[in-house]
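Nothing in this text is a laboratory measurement; each read-out follows from the coordinates by a stated rule. Everything numeric here is computed off the predicted structure, so don't read it as measured data. Methodologically, a virtual Cβ is constructed for each residue, glycine included, from the backbone with ideal geometry; neighbour enumeration extends over all protein chains shown.
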Amino acid sequence: MAEVIFSNLAKKYGRDDLVIKSAGTHAFDGADMADLSKQALFECGEVLPETKFSATQFVYSMNDEFDFVIDLREFDDPWGGDISDYIKACKTLQSFCKALYNERCKT
């Protein structure tokens, strides 16, 4: 969800120079986004990408590939919960991503 949220912020502010990619410590390479994640993003007003999401497993070399890597393990993972858990997580990520964007990326 964080990739979608941060990408939407970048698009909103015309920052097409940013490379935004998410990776999970428990992701299955190539897997689609969970249906509840998609539903929560939609219900929180986010625009889902036109291209199919493809999960990526985090590897430590990514620390060298990107300007900054954000560890989301400190956030409550909604996995296994219901839609209300996913919406709560989405709203938390929206606040976090907006603050991060304003601090590091807004021109």
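Some points to look at:
- Remark on the range 60-101: Rg and Dmax equal 12.7, 36 Å (Cα only).
- Here LYS106 is the anchor, and the aspartates and glutamates within straight C-alpha reach of less than 17 Å, apart from those fewer than 8 places off in the same chain, are GLU3, ASP16, ASP17, ASP67.
- For the peptides 86-99, 39-52, the ranking by packing is 86-99, 39-52, with the highest mean count of neighbouring Cβ atoms within 10 Å listed first.
- Dividing the convex hull volume of the alpha-carbon atoms in the range 2-104 by its residue count gives 109 Å³ per residue.
- Hits among aspartates and glutamates - C-alpha to C-alpha of LYS88 under 15 Å, sequence gap 8 or more where chains match: GLU43, GLU46, GLU74, ASP76, ASP77
- Its relative contact order, with pairs defined as Cα atoms under 8 Å and 6+ residues apart, puts the chain at 35 percent.
- Estimated purely from DSSP H runs of n ≥ 4, each contributing -39500 (n - 2.57), the mean residue ellipticity at 222 nm for the chain is -13000 deg cm²/dmol once divided by its residues.
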